[in-house]
Amino acid sequence: MRELAKIVGISPASVLRIWHAFGLQPWRTETFKISPDPLLIDKIRDVVGLYLAPPANAAVFAVDEKPHIQALERTAPVLPMLPGVPERRSFDYVRHGTVDLFAALNTATGKVITKLSAQHRAVDFRDFLDEIDRQTDPGGRGWRWPGPRPSCSRPARSAAFSPTGGSWPGGARSLGRRHH
């Protein structure tokens, strides 16, 4: 701010007033990622089509995995927020490894089904899909399954894959930041 004020020949207070008047916060940044997926447009059409016009008698779930989340524990308890004092937490922590988070969002009801896994294995993801089945109306068509399941007596599932780098938990996080 001082450097800018010096360059344009006004006081730092004037720079601050101008920033506030126009809602500018030059110290804040946001990141974005452009998907390198060559099938980006086709995948977007598939996914958006499911949201806008879901198949009859089907439950549509947005299923995702967030791997390798650090399981951390602070070395001291969090000190609560007080009037005029922000919440405070210790800088250091004890690491307890990582966990994988599986999440499924029922696009019609907004219900979220989650599961944590201590390991990163395909069988854990399949178990999560089975958990979605257990919590879904057995008369419906359930979640969208990527490929045939020969040992399964349930109705066939189908999948619409989101673009590479696309993630509804990530999108929800971004949306939450914009609305707070």
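Here are the numbers:
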{"read-out": "Long-range HN-HN contacts of Ala59 with modeled amide H, under 5 Å", "value": "Arg141, Gly142"}
{"read-out": "Inter-label distance, nm, simple model (7 Å from Cα along the C-beta direction), Glu65/Lys6", "value": "5.3 nm"}
{"read-out": "Given charges at Cβ of Lys, Arg, Asp, Glu: the stretch 1-79 dipole, positive-most of Leu52, Phe32, Val78", "value": "Val78"}
{"read-out": "Extension reserve of the Leu40-Ala13 stretch, reckoned as 0.36 nm per residue once the Cα distance is removed", "value": "5.0 nm"}
{"read-out": "Cα-centred dipole magnitude for the stretch 61-117, charges only on beta-carbon of K, R (+1) and D, E (-1), debye, nearest 20", "value": "120 debye"}
{"read-out": "Rounded, prolate or oblate (a/c below 1.5 giving rounded, otherwise prolate when a/b exceeds b/c) for the stretch 8-113 by Cα gyration tensor", "value": "oblate"}
{"read-out": "Hits among lysines - C-alpha to C-alpha of Lys115 under 16 Å, sequence gap 8 or more where chains match", "value": "Lys66"}
{"read-out": "Ranked packing of 49-55, 82-88, most packed first, by mean Cβ within 10 Å", "value": "49-55, 82-88"}
{"read-out": "Relative contact order (percent, whole number), the stretch 40-122, Cα cutoff 8 Å, 6+ residue spacing", "value": "29 percent"}
{"read-out": "Qualifying aspartates and glutamates (Cα of each under 19 Å from Cα of Lys43; at least 8 residues distant if same chain)", "value": "Asp64, Glu65"}
{"read-out": "Inter-probe distance in nm under a simple model that places probes 7 Å from Cα toward Cβ, at Leu101 and Leu52", "value": "3.0 nm"}
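Values in this text are rule-based calculations from the coordinates and carry no lab data. Nothing here was measured: the structure is a model prediction, and the numbers come from that model. Quick reminder, even Gly has a Cβ in these numbers, built from the backbone with ideal geometry, and neighbours come from all protein chains shown.
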